[in-house]
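> Below are the structure tokens for one structure; questions will follow.
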Amino acid sequence: MEKRVTFRGWALPLLLIAPQVLISAVFFFYPAGQAIWQSFFIPDPFGLTSQFVGLGNFEFLLGDKFYRASFLTTAVFSILVTLCSMIPALFLAVMADRLIKGSGVYRTLLIWPYAVAPAVAGVLWLFMFNTRVGVISWYLGKLGYDWNHVLNGGEAMGLVVVASAWGRISYNFLFFFAALQAVPRSVIEAAAIDGARFWRRFWTIVLPLLSPTTFFLLVVNIVYAFFETFGVIHTITAGGPQQSTTVLVYKVFSDGFVGQDLGSSSAQSVVLLIVVGLLTVIQFKFIEKRVHY
Amino acid sequence: MKKTLIGMLATSSAILVPMAAMAQTEVQFWHAFTGRLGELVKAQVEEFNASQSDYVVVESHKGNYSETLNAGIAAFRAQEQPHILMVFEVGTATMMAAGGAIKPVHEVMEASGATFDPDAYIGSVKGYYTSTDGDMLSLPFNSSTPVLWVNRDAFEAAGIDPDTDLSTWQNVDAVLDQLKAGGENCPLVTAWQSWIHLENFSAYHDVPFATKDNGFAGLDTELALNGEAQVAHLTAMGEWAKDEKFIYTGRRNEGGANFRSGDCALFTESSAGYAGIKAEAEFDFDVRPLPYWEGVGNGPQNTIIGGASLWVMEGHEDEEYKGVGEFLSFLSSSNVQAAWHQNTGYLPITSEAGEATRAAGFYDENPGTDIAVIQMTAKEPTANSKGLRLGSFDQIRGIIDEELEAIWSGDKSAQEAMDSAKERGDALLRRFETANK
């Protein structure tokens, strides 16, 4: 028999959920609604006049081949950032988990980069890789490699991916590390007694047990790559060379805050909203099936 | 002591000021300057506040140019706008189109009764900020123009006479070959590529950058930067880039670091780069006029300015506008302008300030600092060299940067790249036209 708490009447339950509903309405539904509403207009920056254009903003966007290309750029960028921030984090967590002495220091040091603001991280990486003047590009030059991310799109992409993923490794490390600590020792010891070596135990026991954390981090990191990386891109490449690092959210920022084109910027936000919504549905529908809680 | 006290009050929060100066009318001034320039602005404001007792100007730094403009726009929407807002030159069309948000400077000055003589300002400086009827809409504040910087030591190291004539690109072309042959691995570098090699290039050769008098005559303007003259110049630069005679370092003024460190021989950059280069360069340097192509267009015409102007915003009391008028009149006065020009390398906005600087012997002591002034004022501006007035221009510059990168990397020919820049830029101009109908 199912056990559930029942309320008499509607007043109390409504009162209890009211704060949550209110917060969602003020901070999520209202701005999202505004973005959708604004996407049907071309306003002037000062809000003095506004032209209703229907779906004109969307037509303008989708007719722009550079905007369409930026979907691919975003996909490549997000996948790379997610992989480059999760794999090293998992590796470091597994290593830290095996440490007996000094693991506290090691953990603390690994968490530091997370405290660096994305834009500052961007500037640091830019200094190191500055064409002709940066430390690393200078050494690369000595080795005969001509580093030039201001003209080479592939190198620019590599640089923004590394700069975006770098600080994220710390965050992911924390979660992986905590999850590893929660893996029952008895299971691992049992496997060890059966003769399974470290990597075998890792693949067959630890990794499956980590899957809820991995899935959570996958969702969170993709959202991060989509929305929070524009500080890094802005400081390092400003979307260039040509358009090789212009991801969708950077275009929202530059059209809205550089170009003061709020209509197009709103329309792009709506498109992003749909894309991320779809992605999340896909993730929960297909990938979550492979997750064991 | 009194000065520092006022300064402290002026820089402390806006709440403190009215308490200290109850009877004075407050004027808010938002600008985009930090560092040395920020200090100089602060000093100007302090001097004005100390010079009279009716008004207090409160200056606040609001971030870089884009951020300051955004802060002004956001404040206007919240009806908290400052009296005076600094807007960079590419935001001019945005401000002009916002008729209900701004109060033209000539109206403010007439109403305030402060001394104001529109003819005192240098034509090619104020031209950027006047309407087609000749009325001044915003007050030019900091204006510079591109010039050619020469590392004389690098010339000597490559066995070239540092006094070689570099007035035409034909001569520069030959010198680049010699520099390369002489072992120089960064013969030419530039800052602000679109501003120097397209916008100024077009004005300097008296060819249109955009139709409708570069946008001065109407919002239905279209880009004309894919013209024969521009394409020929960019083709030549593309060749130089391919042969590693022109080194591309980025969209902004990244090249300045390379030049100041002595890495590069020639540098096309704003005349306002003077202070930085003088402070850091450990080599002999020279300022030369921007080169032109002999036989192309009507070069050399005059170059155009970059920098910012001060816009007066709508929605304040008459009494406050009087204070604004007094302050702008103070800023235009000859000694304030002369000091500003000499301290920063920016152009003086009045001819009188330029003459005062010459009379004080500044140009003799700092040779080359008058090159920019001469280059701007040698000829009366034409429809092609008055300036640019294009909506969404900050973004159009971004598009131009992208297309220029395609030329430097060899992905596109100059013609293809500029045709594409025109097509993409025109689309933004049409959106701007719709937004401001």
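The values are calculated or read from the model by the stated rules, or taken from the named source; none is laboratory data. None of the values given here were measured: they were computed from a predicted structure. Methodologically, a virtual Cβ is constructed for each residue, glycine included, from the backbone with ideal geometry; neighbour enumeration extends over all protein chains shown. Surface accessibility is based on the protein's heavy atoms, side chains included, excluding ligands, DNA and RNA. Shrake-Rupley method; radii C 1.70, N 1.55, O 1.52, S 1.80 Å.
> Out of (1) open to solvent by less than 30 Å² (accessible area, probe 1.4 Å); (2) closer than 30 Å to A:HIS234 by Cα; (3) outside the structural domain of B:PRO140 (by TED's automatic domain parsing); (4) in contact with a helix residue (DSSP H, G or I) (Cβ under 8 Å, 6 or more places away or on another chain), what's the single condition that is false for B:LEU310?
(3)
Matching residues to (1) outside the structural domain of B:GLU319 (by TED's automatic domain parsing); (2) within 26 Å of A:PHE257 (Cα to Cα); (3) at pLDDT 95 or above:
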residue	(1), (2), (3)
B:PRO18	no, no, no
B:GLU47	no, no, yes
B:PRO82	no, yes, yes
B:GLY91	no, yes, no
B:MET95	no, yes, no
B:GLY100	no, yes, no
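> Also: Of all residues in segment B:279-290, which are outside any loop (DSSP other than H, G, I, E, B) and either within 11 Å of chain A (Cβ to nearest Cβ) or not basic (Lys, Arg) (or both)? Write out each step before concluding.
The first filter runs over segment B:279-290 and keeps only residues outside any loop (DSSP other than H, G, I, E, B), leaving B:279-280, B:285-288.
Answer for segment B:279-290, where residues must be outside any loop (DSSP other than H, G, I, E, B) and either within 11 Å of chain A (Cβ to nearest Cβ) or not basic (Lys, Arg) (or both): B:ALA279, B:GLU280, B:PHE285, B:ASP286, B:VAL287.
> Quick test of your reading of the structure: A:PRO43 fulfils all but one of (1) more than 9 Å from chain B (Cβ to nearest Cβ); (2) buried (at least 16 other Cβ atoms within 10 Å of the Cβ); (3) within 16 Å of A:LEU262 (Cα to Cα). Name the failing condition by number.
The number of the failed condition is (1).
> Kindly evaluate A:SER78 against the criterion of being in a helix (DSSP H, G or I) and touching a Lys or Arg at 6+ places or on another chain (Cβ under 7 Å).
Working: in a helix (DSSP H, G or I): yes; touching a Lys or Arg at 6+ places or on another chain (Cβ under 7 Å): no.
So A:SER78 fails the test.
> Looking at (1) in contact with a Ser or Thr (Cβ under 9 Å, 6 or more places away or on another chain); (2) among the basic types (Lys, Arg); (3) open to solvent by 40 Å² or more (accessible area, probe 1.4 Å); (4) within 12 Å of chain A (Cβ to nearest Cβ), find the lone condition where B:ARG430 falls short.
B:ARG430 satisfies all of (1) in contact with a Ser or Thr (Cβ under 9 Å, 6 or more places away or on another chain); (2) among the basic types (Lys, Arg); (3) open to solvent by 40 Å² or more (accessible area, probe 1.4 Å); (4) within 12 Å of chain A (Cβ to nearest Cβ) except (1).
> When residues of segment B:399-420 are filtered for being touching a helix residue (DSSP H, G or I) at 6+ places or on another chain (Cβ under 7 Å) and either charged (D, E, K, R) or free of Cβ contacts under 8 Å to residues at least 40 places away in the same chain (or both), how many remain?
Adding up the residues that qualify gives 6.
> For residues that are closer than 15 Å to B:ALA241 by Cβ and more than 7 Å from chain A (Cβ to nearest Cβ), scanning just segment B:392-410, find the one that is most open to solvent (accessible area, probe 1.4 Å).
It comes out as B:GLY410.
> Can you confirm whether A:LEU72 is farther than 17 Å from A:ASN221 by Cα and either open to solvent by less than 70 Å² (accessible area, probe 1.4 Å) or assigned to a helix (DSSP H, G or I) (or both)?
Details: farther than 17 Å from A:ASN221 by Cα: yes; either open to solvent by less than 70 Å² (accessible area, probe 1.4 Å) or assigned to a helix (DSSP H, G or I) (or both): yes.
Judged against the criteria, A:LEU72 is a match.
> State all residues of segment B:236-278 that are aliphatic (A, V, I, L, M), open to solvent by less than 30 Å² (accessible area, probe 1.4 Å) and within 12 Å of chain A (Cβ to nearest Cβ); if no residue qualifies, say none.
Listed by number, the residues that qualify are B:ALA241, B:ILE247.
> Right, here's the next one. Just to be sure I understand, how many residues within segment B:38-79 are among the polar types (S, T, N, Q), farther than 16 Å from B:MET313 by Cβ and not in a helix (DSSP H, G or I)?
3
> So which residues in segment B:40-80 are surrounded by fewer than 24 Cβ atoms within 10 Å (Cβ to Cβ), within 14 Å of another protein chain (Cβ to nearest Cβ) and touching a residue at least 60 places away in the same chain (Cβ under 8 Å), if there are any at all?
B:TYR65, B:SER66, B:PHE76, B:GLN79
> Test each condition in (1) away from chain B (no Cβ under 13 Å); (2) open to solvent by 60 Å² or more (accessible area, probe 1.4 Å) for A:ALA35 and report the one that comes out false.
(2)
> Kindly evaluate B:PRO300 against the criterion of being open to solvent by 20 Å² or more (accessible area, probe 1.4 Å) and under 30 Å from B:ASP263 (Cα atoms).
On the way: open to solvent by 20 Å² or more (accessible area, probe 1.4 Å): yes; under 30 Å from B:ASP263 (Cα atoms): yes.
It is true that B:PRO300 is open to solvent by 20 Å² or more (accessible area, probe 1.4 Å) and under 30 Å from B:ASP263 (Cα atoms).
> Has segment B:112-125 got at least one residue that is more than 14 Å from chain A (Cβ to nearest Cβ), under 27 Å from B:HIS316 (Cβ atoms), open to solvent by less than 10 Å² (accessible area, probe 1.4 Å) and at pLDDT 90 or above?
There is no residue in segment B:112-125 that is more than 14 Å from chain A (Cβ to nearest Cβ), under 27 Å from B:HIS316 (Cβ atoms), open to solvent by less than 10 Å² (accessible area, probe 1.4 Å) and at pLDDT 90 or above.
> Of the residues B:THR344, B:THR377, which single one is under 23 Å from B:PRO118 (Cβ atoms) and out of contact with any Phe, Trp or Tyr (no Cβ under 7 Å at 6 or more places or on another chain)? I'd like the intermediate steps shown before the answer.
Working: B:THR344 fails: under 23 Å from B:PRO118 (Cβ atoms).
Only one candidate passes the filter, namely B:THR377.
> Which members of segment B:325-374 meet the condition of being among the acidic types (Asp, Glu) and surrounded by 21 or more Cβ atoms within 10 Å (Cβ to Cβ)?
Residues of segment B:325-374 that are among the acidic types (Asp, Glu), as a first pass: B:326, B:352, B:355, B:364-365, B:370.
The answer is B:GLU326, and nothing else.
> Do we have A:LEU159 as open to solvent by 30 Å² or more (accessible area, probe 1.4 Å), touching a helix residue (DSSP H, G or I) at 6+ places or on another chain (Cβ under 7 Å) and at pLDDT 90 or above here? Explain how you work it out, then say what you get.
Values: open to solvent by 30 Å² or more (accessible area, probe 1.4 Å): no; touching a helix residue (DSSP H, G or I) at 6+ places or on another chain (Cβ under 7 Å): yes; at pLDDT 90 or above: yes.
Judged against the criteria, A:LEU159 is not a match.
> In segment A:118-168, what residues are more than 24 Å from A:LEU92 (Cβ to Cβ), basic (Lys, Arg) and not in a loop (DSSP other than H, G, I, E, B)?
Selection gives A:LYS142 alone.
> Consider B:PHE267 against the criteria (1) under 30 Å from A:GLY153 (Cα atoms); (2) of a type in the set (Phe, Trp, Tyr); (3) assigned to a helix (DSSP H, G or I); (4) within 19 Å of the chain's Cα centre (by Cα): it satisfies all of them except one. Which criterion is unmet?
(3)
> Sticking with this structure for a sec: Since B:LEU179 meets every condition but one in (1) buried (at least 18 other Cβ atoms within 10 Å of the Cβ); (2) within 28 Å of the chain's Cα centre (by Cα), which condition does it not meet?
(2)
> Does B:ALA378 qualify as being within 30 Å of B:LEU331 (Cβ to Cβ), at pLDDT 90 or above and open to solvent by 20 Å² or more (accessible area, probe 1.4 Å)? Lay out the reasoning, then the answer.
Details: within 30 Å of B:LEU331 (Cβ to Cβ): yes; at pLDDT 90 or above: no; open to solvent by 20 Å² or more (accessible area, probe 1.4 Å): yes.
Considered against the rule, which asks whether it is within 30 Å of B:LEU331 (Cβ to Cβ), at pLDDT 90 or above and open to solvent by 20 Å² or more (accessible area, probe 1.4 Å), B:ALA378 comes out as no.
> Being surrounded by fewer than 22 Cβ atoms within 10 Å (Cβ to Cβ), under 22 Å from B:ASN302 (Cβ atoms), at pLDDT below 95 and more than 14 Å from chain A (Cβ to nearest Cβ) is the requirement here; does B:ALA229 meet it?
Working: surrounded by fewer than 22 Cβ atoms within 10 Å (Cβ to Cβ): yes; under 22 Å from B:ASN302 (Cβ atoms): yes; at pLDDT below 95: no; more than 14 Å from chain A (Cβ to nearest Cβ): yes.
In short, no.
> Of all residues being open to solvent by 10 Å² or more (accessible area, probe 1.4 Å) and not in a loop (DSSP other than H, G, I, E, B) in segment B:81-92, which is farthest from the other protein chains (Cβ to nearest Cβ)? Just the residue, please.
B:GLU89
> Which of the helices (runs of 4 or more DSSP H) contained wholly in segment A:181-287 include at least 1 residues that are surrounded by fewer than 15 Cβ atoms within 10 Å (Cβ to Cβ)? Walk me through it before giving the result.
On the way: elements: A:185-193, A:198-201, A:207-227, A:230-236, A:248-253, A:262-282.
In segment A:181-287, the matching helices (runs of 4 or more DSSP H) lie at A:185-193, A:198-201, A:207-227, A:262-282.
> Considering only residues of segment A:127-144 that are modelled with pLDDT under 90 and farther than 19 Å from B:GLY256 by Cα, which is surrounded by the most Cβ atoms within 10 Å (Cβ to Cβ)?
A:GLY141
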